[in-house]
Amino acid sequence: MEFVLDLPDIGVFVPEIRGPLNLTGQAARAGDDWRVDTAVRGPAGTQANVAGTVAQDTTLDLAVTGALP
């Protein structure tokens, strides 16, 4: 499954931050778990990547990388 979220202005949810937010990703079953791979791009060069697995019992095994301005 692929997903996309585009917000023209994240300030609707976080008034202190203005500008667009884009989130794209994929989620797929891997046995009983879910494998996720997500990229987030925000205002002023903010970015993050999240990848890993979410177990059926909600245990997370995720790698997160990113950058802030």
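The values are calculated or read from the model by the stated rules, or taken from the named source; none is laboratory data. These figures come from a predicted structure and were not determined experimentally. Heads up, the Cβs are rebuilt from the backbone with ideal geometry, glycines too, and the neighbour counts pull from every protein chain shown. Areas reflect the complete protein model, heavy atoms only, side chains present, ligands, DNA and RNA absent. Shrake-Rupley method; radii C 1.70, N 1.55, O 1.52, S 1.80 Å.
See the values below:
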| quantity | calculated |
| --- | --- |
| Residue match in segment 49-56 (condition: exposed (fewer than 15 other Cβ atoms within 10 Å of the Cβ) and at pLDDT below 95) | yes |
| Segment 24-45: number of residues that are under 12 Å from the mean Cα position of the chain (by Cα) and within 25 Å of LEU68 (Cβ to Cβ) | 10 |
| Selection count, segment 17-48, where residues are among the hydrophobic types (A, V, I, L, M, F, W, C) and open to solvent by 60 Å² or more (accessible area, probe 1.4 Å) | 3 |
